[in-house]
Structure formats: structure tokens, C-alpha cells
Amino acid sequence: MHQETTKFMKQRIIIRNKLLSKISILAGFIVLIVLCMVFLKKQMSQKDLLSYADNFTDFVVKDLEKEFLQIQTNIDALAQIVNENVEEENITKILAEQELAMKRCKHLDGLLVAFEKDYLKNYPGLYSPYIRREDGEYILLQVSDAYDYTSDDAGAVWYQGPVKRKRAEWVGPIYGKAGGRKLFMYCVPVQINGEIIGLVAACYNLMEIYQILQNTGAGRIGFPYLINQKGEFIAHPNNENKNLVQLAIESDDNALKELSKDIYRLSFQGKKYYHKNSLTGKFCWELIKPIESVSIFLGISINDNQIYGNPSYRNKKRRDIFTYSLLIFTILLCLLYIIIFKTDLFKSKFLIFVMFFSLISIMEIGVITMFTVYYPVIGINKKESQDIERKKTEIINRYHQNSKDSITYTVNRWNFSMMLDNYGLFDYLQNYKEVIAHKTKKVVKEAPTGLYLQTIKFKDSHSTDITGYIWQKYPLNWTDKKGVIFPDAEKSKIILEDSSRIFNINGEIVDLYRWYFEVSIREPFNFSHYPLDRNDLWLRLWHKNYDQDIILVPDFSAYSLINPSFSPGLDSGIDMPGWIIEGSFFSYKEKTYNSSFGKEIYNSKNYFPELHFNVMLHRDFSDPLICKVIPLMVLLFMMYSILFIGGFTEQLNVVIGCSGLFFVAIFEHIHLRQSLNASGIIYLEYLYFITYLLLLLITYSAMRNDIVMNIGWRKVSIIDFAKLCFWPLFFFLILMISVCTFY
């Protein structure tokens, strides 16, 4: 009796150990799959993106250093001129030099010379001429009319601090009482025989600094800002009186709280800050770099989802990820085969294998779907690919003429037709300008142009109604016509709203014209990847003198956020049912015309860069999922249920049931084609084709149920075999079609 009990206990222990072994192996298998997916996600969103951003940010810092160094040089020189002329009270010379310095420093909001009280005999009291730009004119103000900047109670830190410390300093952000705006200032005390007699100050408007920041190309990788050690914003698109600590508290963002502390302690090097940006509502990485010459920091909120870039680069990244994931998929299948068929852990080996085969296939389909959305298929022909490589080589060669640094990796990610800053604009247009100058000896004119779309409405699959505003800036000596044409419009209405004279970002006086427009355009959308499709809606723009060499260029200075992910030029209230707006951007497409538009035929333009305003869209999955995919999956489960009754009912009943399901599927298929009005085969259609194939296999299995097959040690009928293979076959076919479609 005791021996039997002991034997029984040993058997239970063996069974329990085997069960634990099975659970451990399967759990480890699932964990391995999850870790592989996490690894791919991390490779995509962190290492590659942050490495690119870190590389590119170094160039942005260098450009900002150049800008601030130019200001320091000019203001130091002006301070020396004031020093040389103040004893003779040559105020006329000082004012003339002050205005010249203002014109040289094109990005300044104003330039101030402030003297100590009663220092000038001919100007008793305070004398503080302040030249600033406003409404296309240079205006002379007196800061002393607003307050006594020499008084300790006035809170004029821009004057009190540098004067007490007797050294040049960058100060800000501060509120300028005389100008009524927030400023960032470079202040240089003027001394005679060791005595402070006044101060010269260059005044940046904070929004002007932000435009400088945008022009460096920082908007190409995300949302840039400048911040001091106290966490106060020097440049920020949202011009509010808030610092980083306040934003962190209001949004309850622990990452921003940590970032503000690390900036104050100067301990941010090597750290990563991932959070949801309160301004844009998008998840991003915060990257911080010091700007040594002015003791402030450049910060960039790098979008986690980079939806733009070099098409060749993005297509290659997607293919690489697919290759890695398919390799992992193959390895997992091999491991699964070894674990199940080469061990004695499982009895129903084939059943376990097909279950896990289906599970792995579903996960692989999920990986392909996720990365197809992240790196969508971008159609690019051989000529476009060659043009990208040519422009890339030109940019690298031009850069190497002025610098020893390498930008090859950085340039790899650039979209060479997507215009995100003035550097990209220069690189793109320089070659065309040189060809035109050599061919016609004419100077190519540029007309800065901006757009703001208020409504977008799809009339059908190929027609769109758009309304909004468009503006242009022209130099005062412009003699050609002013305005734009929408050449792709079926109908359009353009109404001049107003015009005014302003300063542009480079300090030049220009005329601004604004029009309201309504256009109806027809564009060929590509639905072949539905419901994982994306499309670009574009507005093609011509200048009114379209037969002249006048190039429309984007007015970057008119947008607070130029990065495509932040949808510059789009009203936040735009509603597009069935679509999600990924972003917007300007681009160029080279066009060759086979007409001279009535002029001499040798004046026909070749490879002329036409400006396009693009809106990137991707399909909202919820609608196709609910209306198309879920009903189709229900249909598949009904087909699967027929297999369970196929061996116990007459063959005619199975055929009738399959026929009914076939008509349901075919009507849904026809409705899909009619609703999209698309040409060619759509990705979702393959699900219907697979459904038709499975219906045929089910019908055949029911008709030949007498066929018996050997599965391992068991003999099963063909309909039982069909039950085992139904879902693995379905998911495997979907997987293969997905790879072929999106690879």
C-alpha cells in the first residue's frame, strides 16, 4: 500500500513538472515575441530618431552662435563710437551710427542708447534715444518718457545689472515698458576713465528670436525653443508669461518638472525626457543643448512620430524593419517546431502548432501594420530617386566647402522637395537659379507666399472644395503683377482683402497683400493600400505672371510652428470625416511645359519649380474596421462554424450555406469598390479573395468528407483537417499579402 502511494505521488510530481515545463516554455515563447516587438519599436522611435536629432541640433547651435556673435560685434562697435563722440556731445553722429547699426542687425526689434542722468549738458535729465521697427518705418522713442531707468525702484534690470557689474551682458527675458513687449537684450556699458556714462543695448522681440530659431532649420526636427537657466523662455511659439516650472505644474508633467530642475543644476547631459507636449498634444522627446556665448539653452521637442522625411530613406527603413521582423518570425517558427515536434511535452502536437502559428502570424501582421502606418509606402520612381541622390550630393559638397564637419547621416533623412526652412529653400533653388542666369542672363525673382486653410471638404473620392486665405510679400520696387493662380482648380474665386506695408524677417520694408479664396480641385488619390492608406492633398500654385521666371517661395516667418507634424497653415477646426490630418508642408515639383504660352517657343520653361502646399492625410481606421473588417471576420467565423456541421449534414446543405455567405461577401465587395471609386486592386479586397478561396475549400471538404488523412498518430477526415488549417491558412495568406503589398 505504501509503495503504491509513493508511486502515485511520483507520477503526480512528474505530471506536475511536465505541466510546469509546458507553461514555462509557452510563457517564455510569448515573452520572447513581446521583447522582439519592443526591440523593434525602440530601434525605430528612440535610437535612430534621437541620433539624427542630436546630430542636426549641433548645426542649429552653430547658426545661433553666429547670429548672437554678429549682434555682439555690432553693439560693441557702436558702444565704441558712442564713447568717442559723447564728450563732444555729437548726438547727430551717434544717432546716425545707431540707425546704421539697426539696419545691419536685421533681426533686431530696436536699438537703444541710454545715458546717465544729467550727463549731457545739452540734454539735461535723462536722454535715451530708442530706434525701433514698426509698421514699415523706423520710429525714434525716448525710454525716459516711460520711466526713470536709473532709479533702483524702476526695476530696469537691463540697465542696473550691467552698469553695476561694469560688463557686457545678455539680459532677459524682460518686459520693455517703453515698447510694450517682452525683450531679450545685449547690454554694453559705456565707460570714460572708469566711470559709467551710459549703456548701449540691442533689443530682440521674443517672437523675432523665435523666427530666427525657425530659420536655422530647427523646425525640421520638431518644436524648438530657447530657455535660460531659470527656466524662463527666450523664444517660444506660445508667447505667454509662463516659465517651464509653471507649465510643468499646470500640466502635471513629471518629465518637465525633472527637466526644469536639471537645467537649473546643469545636469541634463545624456538624459532623455519623454512626455506629452501640452502645446501640441503629441508625444515627444526633449533635447537640450547649451549656447555658450549667451548662457542660454536650445531645446527641441522632437516628435516621437516623424511622419516626413526622405522618401528613399523612409522606404528603406520600412523594408529593413520588415526584414528583421520576418527573420524573427522565421526563427520563432523554427523554435516552435522544435519545442512541439522534437520533444514529448505535448500530445496534440499538430493542434498546439497551428494555434501558436496563428498567434505568431497575428503578431507579425500587427508589426507590419504598425510600421506601415509609421513608415508609410511612398511611391517614388527611378528618376525621382536619382534626383534625390543628386541634390543630396550637391548639399554635402556645398557644405564641405565651408566646413570640415560631416552631415551625410543628417542629410539622409531630409526630404529634398519638402521645404521646412530657408536653408532647404536655398539648397533646392540655387541650382535652378544658376541655370537660368546662365541661359537667359536674367535674375530669377522670388515672391514669398503663405496659405491658411479654413475648410476642406471632400465632394467625392477625387474632388475637394477648399477655402482660406493666401498672402504675398513684395519689395517696394516690384513692377510685375501681384497675385496667384490655382492651375488645377475646376473653379476658383480670389478676392483681395487688404494690403499694408511692413518689415519682413530680414528687416526690409515690403508690401503685404492678402486674398480670400475658394477653390474646387480634382486630384487622383491612391486607394491601393486601403484601409492602411495615406494620401497627400495639395494646392498647386502659380504666380499671376506665370510665363515669367518668378518663383513662389514659402513665407516661413508667418508660421509659429513650421514642422509638418504641427500642421502649419491649417485651421485647428478643420474636420475631415474618415481622415486624420498628419501634417502640412510646402514642397516643390519640377515641371516642364510644352508651350511658351504664346511667347517665343525658346522661352518655354523646363524643370520649373512649382510651389505646392500639401496636407498629409491617413485613413481613420475606425470606420473601415467597424464597417468592413468586423463584418468580414463575423463572416469568417460563420464559415468556420460550417466546418463543424459539415461532417453531420448533407453535402447540399453545406453548399447552400456557403452560397449564401458567398453572396453576402460579394455584395460587400461590390459596395467597397463603389464607395471608393478606385482603380486597381485594393489591399482590403484580398480579404474578400481569401474568403472566396476558403468558401471553395469548405465546399470541397464537405463534398469529399470520405477522404481520410494521417496526422501524426491519428487518422482524421478531410473536414477535420480543414478545421485545423482554417485559421493558420487565413492568417498566413494575409501575412504574405501584407508583406508583398507594403514591402
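Seen from all directions on average, region 435-619 presents a Cα convex hull projection of 12.1 nm².
Computed over the alpha carbons of region 623-742, Rg followed by Dmax gives 15.7, 52 Å. Label positions at Y692 and I380, each projected 7 Å from the Cα along the C-beta direction, are separated by 3.5 nm.
Across region 149-256, C-alpha contacts under 8 Å between residues 6 or more apart give a mean separation that, scaled by the residue count, equals a relative contact order of 16 percent. Across the options Y588, Y513, N545, the greatest Cα extent toward the positive end of the charge dipole of region 489-601 (unit charges at beta carbon of Lys, Arg, Asp, Glu) belongs to N545. Fully extending the segment from L333 to D571, taken as 0.36 nm per residue of separation minus the present Cα-Cα distance, adds 80.7 nm. Here the Karplus relation 6.51 cos²θ - 1.76 cosθ + 1.60, evaluated at θ = phi - 60°, turns the backbone of region 448-458 into coupling constants of x, 9, x, 9, 9, 8, 9, 9, 9, 9, 7 Hz, with x for every Gly and Pro. Dimensions of region 162-210 along the principal axes, based on C-alpha atoms and rounded to the nearest Å, stand at 38, 19, 14, largest first.
Each Lys and Arg adds +1 at its Cβ and each Asp and Glu adds -1 at its Cβ; summed about the Cα centre, region 430-588 shows a dipole of about 560 debye.
Counting every other Cβ atom within 10 Å of each residue's Cβ, K62, K459 order from fewest to most as K459, K62. Panel order for V443, V377, by other beta carbons found within 10 Å of each beta carbon, from fewest to most: V443, V377. Overall, region 623-742 carries a charge dipole of about 220 debye about its Cα centre when +1 sits on the Cβ of Lys and Arg and -1 on the Cβ of Asp and Glu, all other atoms neutral.
No lab work stands behind these numbers, since they all come straight from the coordinates. What you see is a predicted model; the values in this text were computed from it and never measured. Because the Cβ atoms are built from the backbone with ideal geometry, glycine has one as well, and the counts that use them run over all protein chains shown.
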